[in-house]
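What follows is a single structure, written as structure tokens, with notes after it.
The values are calculated or read from the model by the stated rules, or taken from the named source; none is laboratory data. Predicted model only: the values in this text are computed from it and were never measured. We place every Cβ from the backbone using ideal geometry, glycine too, and count neighbours over all the protein chains shown. Only protein heavy atoms, including side chains, enter the accessible area calculation; ligands, DNA and RNA are left aside. Shrake-Rupley method; radii C 1.70, N 1.55, O 1.52, S 1.80 Å.
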Amino acid sequence: MSSYGVMRGLHFQRPPFTQSKLVRCVKGAVLDVAVDIRKGSPTYGKHVSCLLCGNDMIDDASKEKLSLSSSLSCDEIASAIHRQFFVPRGFAHSFAVLSETAVFQYKCDNFYAPQADGGISIKDDCLGIDWHIPTEKALLSEKDTKHPLLKNFDSPFYIDIDLYPEFKSK
């Protein structure tokens with residue numbers, strides 16, 4: 001369980017231990033983000049964000065409280081309940097907890113390999129991510145404060161390399 005303001009990421013695993021993730025929020029609300037880090041991609045360095053909300057956000061009081069603290073509309077919150085978000089290989093992944101507490105679930109297609117762990121700074125302004133959390137309220141792990149900015153990052157991923165070789169037909 002994570003509390004309001006907790007931000008993790010932007011994480012990925014280097015080849016050959018790359019991971020895809022299917023994520024969802026079981027309780028509370030999180031903003032989930034994926035950044036394309038495949039060299040040569042027309043969307044390299046671009047991000048997509050997705051609000052994910054658990055069942056406890058169904059009632060109007062919960063939606064109103066989150067709306068006031070995050071600048072998200074009650075309609076945006078309502079449409080994010082039960083939503084899942086897929087993060088493909090070659091993308092860095094991050095999330096920010098927007099509710100008082102949140103429970104977040106991952107389904108990964110590869111095991112965690114600490115020796116292949118990589119990251120990009122979650123505070124990189126060049127990414128243009130609106131986290132819906134005031135900077136002074138952000139809670140980052142020590143590990144996540146040490147990742148490089150995108151401009152200083154040498155990605156191990158390339159747009160023309162197949163990141164899903166196990167699915168090739170024989």
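For Phe85, what accessible area in Å² do you get when you roll a 1.4 Å probe over the heavy atoms of the protein chains, rounding to the nearest 10?
About 20 Å², ignoring ligands and nucleic acids.
Order 63-74, 157-168, 8-19 from most to least packed using the mean count of other Cβ atoms within 10 Å.
8-19, 63-74, 157-168
Calculate the FRET efficiency for Val48 and Lys168 from the Cβ-Cβ distance with a Förster distance of 30 Å, rounded to the nearest 0.05.
That pair, Val48 with Lys168, gives E of 0.65.
So between Lys151 and Val26, what do we pick up on full extension, going 0.36 nm a residue minus the alpha carbon distance?
That pair, Lys151 and Val26, stretches by 41.6 nm at full extension.
Once you keep just the Cα pairs under 8 angstrom separated by 6 or more residues, what percentage relative contact order results for the chain?
About 38 percent, as a whole number.
Heavy atoms only, 1.4 Å probe, whole protein assembly: order Thr135, Thr43 by accessible area, highest first.
If we order Thr135, Thr43 from most to least accessible, we get Thr135, Thr43.
How much accessible surface area, in Å² rounded to 10, belongs to the heavy atoms of Val48 with a 1.4 Å probe?
Solvent-accessible area, nearest 10 Å²: 70 Å².
Using a Gaussian network model of the chain with C-alpha springs under 10 Å, which one of Asp75, Asp144, Asp109 is most mobile by mean-square fluctuation?
Sorting by GNM fluctuation, first place goes to Asp75.
For Arg83 paired with Leu139, estimate the spin-label separation in nm (one decimal), with each label point 7 Å from Cα along the Cα-to-Cβ line.
Reported label-point gap for Arg83 and Leu139 is 2.4 nm.
Give the angle, between 0 and 90 degrees and rounded to the nearest 10, that separates the Cα long axis of helix 60-70 from the longest principal axis of the Cα atoms of the chain.
So the inclination is approximately 60 degrees.
Express in nm, to one decimal, how much length is gained between Tyr112 and Asp160 on full extension, taking 0.36 nm for each residue of separation and deducting their alpha carbon distance.
Roughly 14.8 nm would be gained on extension.
Based on DSSP H runs of at least 4 residues, each adding -39500 (n - 2.57), what is the mean residue ellipticity at 222 nm of the chain after dividing by all its residues, to the nearest 500 deg cm²/dmol?
-3000 deg cm²/dmol
How much of Ile122 can a 1.4 Å solvent probe reach, expressed as accessible area in Å² and rounded to 10?
Rounded to the nearest 10, that gives 10 Å².
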